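What follows is a short report on a single structure.
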Amino acid sequence: MPNITELKEICTQIRRDIVRMVHANNSGHPGGSLGCTEFLVSLYFEIMNHNTNFTMDGKNEDIFFLSNGHISPVFYSVLARSGYFEISELATFRKIDSRLQGHPTTHNNLEGVRMASGSLGQGLSVAIGAALSKKLNKDNSKVFALLGDGELQEGQNWEAIMYASANKVDNLIAIIDYNQKQIDGSINDVLPMGDIAKKFRTFDWEVMVEKDGNNLEAIISCLNNAKDLSAKGKPVVIILHTEMGNGVDFMMGTHKWHGSAPNDKQLADALSQNVETLGDY
């Protein structure tokens, strides 16, 4: 496995991929993608036992579902950089007939993608189904799902949250990308969520809160602790505090880069803050 220095270099290269992919099409979602870079790098390069020889069944391996599918740039980059498909294919992001559409889909048979996630609020339900399938198959692997904090405003989540605890889906680890921003502003301005951790505890989940959600060491430790807490009768959720736009200074501290692309000058600025480490696509 890569050491921390190597993981940081992977993160830097993936941030370059994100801003280049979005800039090339003048469309996409860089802010949340940048904010989840360290998490997805930790998950795919350190935590999960997964097989890049992709099968949809995912037997005897850990599997991941991206529910907040608009952060596809970071997802595609992580999948490519971890060996699921050729890195050069990142250049086709959002192009006509590309497998790398703005929101992931399964009908394009892109390796690593297990669900279509354009519509928010559905990923946890899908992940629960996969987790139950693993239980039926006597497969002790874990199921991970990433949700946005604003996405929790979708009601289907709370049906799934209730179901998972009631049915002791304890091989499931959900992660909430808690950047407190969504497309139109702060979640506290759009629709306040209150104490999310308290809500999950009320629904009888095992709850962890990680305040340093852009720190690789902290994330890896948190995810390992979550694995230790699993398989004990309760699903596990991590409230992961992240910074939207992390790693590109002018994209941080605002919701405005949720779905906006950088212009040429802004791209050059972003790339200057993230030097090439593994080679651009």
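Might you let me know whether region 121-130 holds any residue that is in contact with an Asp or Glu (Cβ under 9 Å, 6 or more places away or on another chain), assigned to a strand (DSSP E or B), under 22 Å from Leu43 (Cα atoms) and not polar (S, T, N, Q)?
No: region 121-130 contains no residue that is in contact with an Asp or Glu (Cβ under 9 Å, 6 or more places away or on another chain), assigned to a strand (DSSP E or B), under 22 Å from Leu43 (Cα atoms) and not polar (S, T, N, Q).
Using the structure shown, decide if Leu79 is more than 30 Å from Leu136 (Cβ to Cβ) and buried (at least 19 other Cβ atoms within 10 Å of the Cβ). Reasoning before the result, please.
On the way: more than 30 Å from Leu136 (Cβ to Cβ): no; buried (at least 19 other Cβ atoms within 10 Å of the Cβ): yes.
Judged against the criteria, Leu79 is not a match.
Can you name the residue in region 1-59 that is surrounded by 23 or more Cβ atoms within 10 Å (Cβ to Cβ) and of a type in the set (Asp, Glu) and, of all such residues, is farthest from the chain's Cα centre (by Cα)?
Checked region 1-59; the qualifying residue farthest from the chain's Cα centre (by Cα) is Asp17.
Residues in region 246-257: is at least one touching a Pro at 6+ places or on another chain (Cβ under 6 Å), closer than 30 Å to Gly123 by Cβ and either at pLDDT 95 or above or assigned to a loop (DSSP other than H, G, I, E, B) (or both)? Explain how you work it out, then say what you get.
Pass one, region 246-257, residues touching a Pro at 6+ places or on another chain (Cβ under 6 Å): 257.
Filter again for closer than 30 Å to Gly123 by Cβ, leaving 257.
Still in the list and also either at pLDDT 95 or above or assigned to a loop (DSSP other than H, G, I, E, B) (or both): 257.
The answer is yes; a qualifying residue exists.
Could you check region 144-224 for helices (runs of 4 or more DSSP H) lying wholly inside it with 1 or more residues that are at pLDDT below 95? Explain how you work it out, then say what you get.
Working: elements: 156-166, 187-190, 196-202.
The helices (runs of 4 or more DSSP H) meeting that bar are 187-190.
Conditions tested, residue by residue: (1) surrounded by fewer than 21 Cβ atoms within 10 Å (Cβ to Cβ); (2) without any contact (Cβ under 8 Å) to a residue 60 or more places away in the chain; (3) among the acidic types (Asp, Glu); (4) within 27 Å of Met252 (Cα to Cα).
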site	(1), (2), (3), (4)
Asp139	yes, no, yes, no
Ala145	no, no, no, yes
Gln153	yes, yes, no, yes
Ala164	no, no, no, no
Thr202	yes, yes, no, no
Glu206	yes, yes, yes, no
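The values are calculated or read from the model by the stated rules, or taken from the named source; none is laboratory data. The structure presented is a predicted model; accordingly, all values stated were derived computationally and were not measured. Note: ideal-geometry Cβ built from the backbone for every residue, glycine included; neighbour counts use all protein chains shown.
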